[in-house]
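**Q** Shown below is the structure under consideration.
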Amino acid sequence: MSIYKLNPLQDQRWQSFVDRHPDASVFHTTQWLEALRRTYGYEPVVYTTTPPATELSNGVVFCRIRSWLSGSRLVSLPFSDHCEPLASSAELAELTTWLRTSRHRKHWKYIELRPLSPNGVARTRDLTKSESFSLQVLDLTPSLDTLFHNFHKSCVQRKIQRAEREKLTYEEGRSDALLRKFYDLLLLTRRRHGLPPQPLVWFRNAVACLGDRVLIRIAAKDGRPVASIITLQYRNVLVYKYGCSDSRFNNLGGNSLLFWKAIQDAKRSGVVKFDLGRSEQENGGLVTFKENWGAVSSPLEYYRLPARQAFHLNSGWGTRLARSVFSIMPDSLLAATGRLLYRHIG
């Protein structure tokens, strides 16, 4: 079986294929790939068994990352919670066999897949499980009344009611003013966690490329932003991608108000699934928060060829000393650190 490659940003067959494939997500779209390219310089590439000038029947999309710090590699996809290979088990086996033989010639340190489901990937001989997370997904097909009834009474329902009693205001949109409010809260949150923030330009590029598929949501008390989330929508799936808050006001229920607003908007738009994103297995508090909304957890496994230790800020750069330094950096230096590091850790 022959293997072909294409540039998904130039070959119109890719987006057409994504739009009709049942397993495609917002992370497969050319808009998401273009935001990654603009921000980090990653080169998107699709490998397929479909010959040129023929309607695509399969494809696995990657970004080629070149880094003097973390090595050159092929990732599907950086800064994406999951990216299902859009290929059958047999086609994926052929593709990974070809990639394995090409890895040394291309000087790739490793090749990584982040499938939504292990079916097909786990049975592929060349791939080794490298990282384990969990994914929480909320079924939005029940009525709003049923969904609200299924929320945890004290951890969700009462917090939504508290936000209403506190008269928190809500605004949404894609303006740079809203983005700045989000980013100020993100700086607070990342410093609290001892980590640098993602670059501001990444969010600007995501908004510019994704357009009406992305929405910034802000909750405020007396005009002061207290919580914010960014959601993505593609077809009938809503994705929670980023969240941040001012911890001094967490008792007001700002985060709960934002999630409830997102769910209400999703129901009006005909969305049937709310993807609440990946959670680290050791972060039991985050998993519980998502499950309190009625979300169901499932394993989320990443695979590499060959097996390599993950490079991200929560491990090598997340030492106690580094976290201490990040936590006391002024905003400008913390943001600059994020701009420097993130392109190396996708």
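**Q** So how far, in whole Å, is the C-alpha centre of the stretch 231-281 from the one of the stretch 323-340?
**A** Centre-to-centre distance over Cα atoms comes out at 27 Å.
**Q** A further question follows. Straight distance only, please: which lysines reach the Cα of Lys273 with their own Cα at less than 29 Å, same-chain residues fewer than 8 apart left out?
**A** Lys129, Lys153, Lys159, Lys167, Lys181, Lys241, Lys261, Lys290
**Q** Taking the chain as the reference, fit the longest principal axis to its C-alpha atoms, fit the long axis of helix 254-268 to the helix C-alpha atoms, and give the angle between the two in degrees, 0 to 90, nearest 10.
**A** In the chain, helix 254-268 runs at an angle near 60 degrees to the longest axis.
**Q** I would also like to ask the following. Can you list the equivalent-ellipsoid semi-axes of the stretch 142-271, largest first and in whole Å, using the square root of 5 times each Cα gyration tensor eigenvalue?
**A** Details: eigenvalues 105, 78, 30 Å².
Working through the eigenvalues yields semi-axes of 23, 20, 12 Å.
**Q** Further question: Determine the dipole magnitude for the stretch 54-148: charges of +1 sit on the beta-carbon of Lys and Arg, -1 on that of Asp and Glu, nothing else is charged, the reference point is the Cα centre, and the result goes in debye to the nearest 20.
**A** Working: 12 positive and 10 negative charges, 180 e Å.
With only Lys, Arg, Asp and Glu charged at Cβ, the dipole is about 860 debye.
**Q** Still on this structure, I have one more. Which order, highest average first, do 24-33, 216-225 follow once you tally other Cβ atoms within 10 Å for each residue and take the mean per peptide? Numbers along the way, then the final one.
**A** Working: 24-33: 22.6, 216-225: 17.7.
Top of the packing list down: 24-33, 216-225.
**Q** Going toward the positive end of the dipole of the stretch 154-239, with +1 on Lys and Arg Cβ and -1 on Asp and Glu Cβ, which of Leu200, Leu238, Gln161 do you reach last?
**A** It is Gln161, whose Cα lies furthest towards the positive end.
**Q** Another one. Could you give the size of the charge dipole of the chain about its Cα centre, using +1 on the Cβ of each K and R and -1 on the Cβ of each D and E, expressed in debye and rounded to the nearest 20? The partial results should precede the final answer.
**A** Values: 49 positive and 31 negative charges, 187 e Å.
For this selection, approximately 900 debye.
**Q** Toward the positive end of the charge dipole of the chain, about the Cα centre and with charges on Cβ (Lys, Arg +1; Asp, Glu -1), which of Ile3, Tyr342, Thr30 goes farthest?
**A** Farthest towards the positive pole: Tyr342.
**Q** Taking the beta-carbon count within 10 Å as an exposure proxy, list Thr49, Thr231, Thr146 from fewest neighbours to most.
**A** Thr146, Thr49, Thr231
**Q** Cα axis of helix 331-341 to longest principal axis of the chain: angle in degrees, 0 to 90, nearest 10?
**A** The answer is roughly 20 degrees.
**Q** Can you run the Rg to Rh ratio on the chain? Use alpha carbon positions and the Kirkwood inverse-distance Rh.
**A** 0.97
**Q** Going by C-beta contacts inside 10 Å, put Glu34, Glu280 in order with the fewest on the left.
**A** Glu280, Glu34
**Q** Cut-off is 10 Å between beta-carbons; in what order do His104, His21 appear when sorted fewest neighbours first?
**A** His104, His21
**Q** With the dipole of the chain worked out from charges on the C-beta (+1 for Lys and Arg, -1 for Asp and Glu) around the Cα centre, which of Val325, Pro78, Ala295 lies farthest toward the positive end?
**A** Val325
**Q** Give me the angle, in degrees from 0 to 90, between the Cα long axis of helix 30-40 and the longest principal axis of the Cα atoms of the chain, rounded to the nearest 10.
**A** Computed tilt is about 90 degrees.
Coordinate-derived values only; no laboratory data. What you see is a predicted model; the values in this text were computed from it and never measured. Here the Cβ is made from the backbone with ideal geometry for all residues, glycine too, and neighbour counts use every protein chain on show.
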